[in-house]
Amino acid sequence: MEPTPPPPPPPAPPPRPVPRAPRALVAEVRAGGSDGHRALEELCRLYWYPVYAYVRRSGASPPDAEDLTQGYFAQLIDRENFARADAAKGRLRAFLLSSLKHFRIDQHRRESALKRGGGIAPLSIDAAQAEARYDKEPAHHEDPESLFERRWALALLEEAFTRLEAEYEAAGKHELYLALRPSLSQPGQAERHQTLAERLGMTAGAVQVAVHRLRKRYRHALEATIAETLDDPAEADEELTYILRVLTAG
């Protein structure tokens, strides 16, 4: 009797999708139509938490903050007013913050505030997750605008990490990325490099080179992510300087 052959290995998971560039999404939103609607929904999923944090720090309760965040994005979709982003010097960050302030003023002026997007659900907000994140915000009295700016900056950093992870995964180096990522925030640890070398079957020198390459590629990913939130990519260095200043101040 012949032995039963081993079962085939499970299929490899699909490659991690690379996030679409925010500038391309904004262009689709401005073009309008169903593609523009879907592009705005994607932007909402990327940047909903800075809006939520702003509203909470403005004094809204968790349920009201969820309602107002939904209502804000629903307004953007309904009015298709992303074309006005040029008034904020082409910066997606500045446009969202400016339009959010106007939205909050409108809410104070009228009692019939939009609730959960007026029946529209442009994005899904996990209320428990939102509050868990907000509970970790610093307890000092940071104003809503500063909190928005810092959370916007952190959202860009996370988006850059997502892009970089997708890049490594596409190259068949996902395990290497996961092993080296902590080194981005913990530089200069020779003992850690030696431990990683033994774990990955590499020399300590090769790990050091790989970490250096990872940091360089992360910097490029962050610069590209920031540039994609601007109408004029030539302003990326200025915006990067601002983002780093915001993070340092936080």
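The values are calculated or read from the model by the stated rules, or taken from the named source; none is laboratory data. Since we're looking at a predicted model, the values are computed, not measured. Glycine gets a Cβ as well: all are built from the backbone with ideal geometry, and neighbour counts include every protein chain shown.
Please state which one of ARG199, ARG219 is at pLDDT 90 or above and farther than 19 Å from ALA94 by Cβ. So that I can check it myself, show each step before the final result.
Working: ARG199 fails: at pLDDT 90 or above.
Sole residue among the options that is at pLDDT 90 or above and farther than 19 Å from ALA94 by Cβ: ARG219.
What residue, among those in the range 141-156 that are at pLDDT 90 or above and among the acidic types (Asp, Glu), is surrounded by the fewest Cβ atoms within 10 Å (Cβ to Cβ)?
Within the range 141-156, the match that is surrounded by the fewest Cβ atoms within 10 Å (Cβ to Cβ) is GLU145.
Looking at the range 211-229, I want the residues that are outside any helix (DSSP H, G or I) and have a partner that is among the aliphatic types (A, V, I, L, M) and buried (at least 17 other Cβ atoms within 10 Å of the Cβ) with Cβ atoms under 7 Å, at least 6 apart or on another chain. Which pairs are those?
THR229/LEU92
Is at least one residue of the range 66-83 modelled with pLDDT under 75 and among the polar types (S, T, N, Q)?
Within the range 66-83 (the criterion being modelled with pLDDT under 75 and among the polar types (S, T, N, Q)), the answer is yes, since at least one residue qualifies.
Scan GLU238, GLU159 and give me the residue that is closer than 30 Å to SER58 by Cα, among the acidic types (Asp, Glu) and surrounded by fewer than 18 Cβ atoms within 10 Å (Cβ to Cβ). Don't jump to the end; show me each part of the working.
Working: GLU159 fails: surrounded by fewer than 18 Cβ atoms within 10 Å (Cβ to Cβ).
Result of the check over GLU238, GLU159: GLU238.
Within the range 172-195, count every residue that is modelled with pLDDT under 85, assigned to a helix (DSSP H, G or I) and over 11 Å from ARG215 (Cα atoms). It would help to see each step written out before you state the result.
Going residue by residue through the range 172-195, those that are modelled with pLDDT under 85 are 183-195.
Now restrict to residues that are assigned to a helix (DSSP H, G or I): 183-184, 190-195.
From the residues that got through so far, the ones that are over 11 Å from ARG215 (Cα atoms) too are 190-195.
Number of matching residues: 6.
What are the pairs, 6+ residues apart or on separate chains, where a residue within the range 65-85 that is under 20 Å from ASP126 (Cα atoms) and among the small types (Gly, Ala, Ser) has its Cβ under 7 Å from a residue that is at pLDDT 70 or above and assigned to a helix (DSSP H, G or I)?
ALA65/TYR52; ALA65/VAL55; ALA65/ARG56
Which condition does ARG38 not pass, out of (1) modelled with pLDDT of 75 or more; (2) assigned to a helix (DSSP H, G or I); (3) buried (at least 16 other Cβ atoms within 10 Å of the Cβ), if it passes all the others?
Failed condition: (3).
State all residues of the range 84-103 that are part of a helix (DSSP H, G or I), among the basic types (Lys, Arg) and modelled with pLDDT under 85; if no residue qualifies, say none.
ARG84, the sole residue that qualifies.
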